[in-house]
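Below: one structure, written as structure tokens.
Readers should treat all values here as calculations from the given coordinates under stated rules, not as data from a laboratory. Everything numeric in this text was worked out from a predicted model, so none of it was measured. Neighbour counts are summed over all protein chains in view; Cβ atoms, including those assigned to glycine, are modelled from backbone coordinates with ideal geometry.
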Amino acid sequence: ECEPHLPCGPKPIVQLHSDARILIASQAPGRIAHASGVPFQDPSGRRLREWMGMDESTFYDASTVAILPMGFCYPGKARGGDLPPRPECAPRWRQLALDQLSNLQLMLIIGTYAQRWHLGSTRALTEQVRRGVQLSEEKAVHIMVLPHPSPRNNPWLKCNPWFEADILPALKTRVVEALS
């Protein structure tokens, strides 16, 4: 469906297993993920794993962590970053994939597109992140909204020291609880 709009061609990059207890709902694979076929195999991924207090082998164990971006393929480059996820992808595939995740305990929402889909919210990122851990009403799943772990967000992190002081310890606690 979206092949004509993908400058590097289609290459869906997801990590999905029905036993996964943690879901990372992100925007779309980046250029490095497109080249390697591995999500978050870049500085953003290293930072995200650090935030979660998780080693690489656990992070890439699909029966533990599901990684489901809003767009499954790298959308291409835009001025100042990557293009947004292709709009055809989430309506066609997302719910089918989410329905496979029956053991979820924790959902990490990264990015505006995932925030809108999962929370139906257009609140500002900072406001959503400040809310900390939320509980999904439809399922007993804890939800946390995170800023993108990209080095591009270093200015946001510097302006919001409460994130490291308050949110990251709560995140690490929720990760441990989800895995136990």
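Return the loop-located trypsin sites (Lys or Arg not before Pro) in the stretch 74-180 (DSSP other than H, G, I, E, B) with at most 16 other Cβ atoms within 10 Å of their own Cβ; answer none if there are none.
Answer by residue number: R79, R123, R131, K139.
Mind grabbing the base-10 log of I(q)/I(0) for the stretch 1-42 at q = 0.17, 0.23, 0.30, 0.34 Å⁻¹? Debye formula, identical points on the C-alpha positions, no solvent, two decimal places.
-0.54, -0.87, -1.13, -1.24
With only Lys, Arg, Asp and Glu charged, each at its Cβ (+1 for the first two, -1 for the last two), find how big the charge dipole of the stretch 71-117 is about the Cα centre; round to the nearest 20 debye.
Rounded to the nearest 20 debye, it is 180 debye.
Label D166 and T58 with points 7 Å out from Cα along Cα→Cβ: what is the distance between them in nm?
2.6
What's the Cα-based Rg to Rh of the stretch 1-88, Rh via Kirkwood?
0.98
Let me check the size of the stretch 129-174 from its C-alpha atoms; what are the radius of gyration and Dmax in Å?
Cα only, the stretch 129-174: 11.8, 35 Å (Rg, Dmax).
If I histogram all Cα-Cα distances within the stretch 18-69 using bins 5 Å wide from 0, what percent of pairs lands in each bin?
5, 20, 31, 30, 12, 2
Taking GluC sites (Glu not before Pro) that fall in a DSSP loop and have at most 15 other Cβ atoms within 10 Å as cut points, what is the longest piece of the chain between them?
Counting at most 15 other Cβ atoms within 10 Å as exposed, the longest clean stretch of the chain is 2-87.
Can you work out ³J(HN,Hα) from phi for every residue in the stretch 74-83, in order, using Karplus 6.51 cos²θ - 1.76 cosθ + 1.60 and θ = phi - 60°, giving whole Hz and x for Gly and Pro?
Going residue by residue, I get 4, x, x, 8, 10, 5, x, x, 8, 5 Hz, with x marking Gly and Pro.
Over what distance in Å are the Cα centres of the stretch 2-18 and the stretch 135-180 separated?
Between the Cα centre of the stretch 2-18 and that of the stretch 135-180, the gap is 26 Å.
Calculate the translational D of the stretch 76-180 in whole µm² s⁻¹ from Stokes-Einstein, where the hydrodynamic radius comes from the Kirkwood formula applied to all Cα pairs, the temperature is 25 °C and the viscosity 0.890 mPa s.
For the chosen part, D equals 161 µm²/s.
Could you compute how fast the chain diffuses translationally, taking Rh as the Kirkwood radius over C-alpha pairs and applying Stokes-Einstein at 37 °C with viscosity 0.692 mPa s? Give it in µm² per second.
It diffuses with D of about 199 µm²/s by this estimate.
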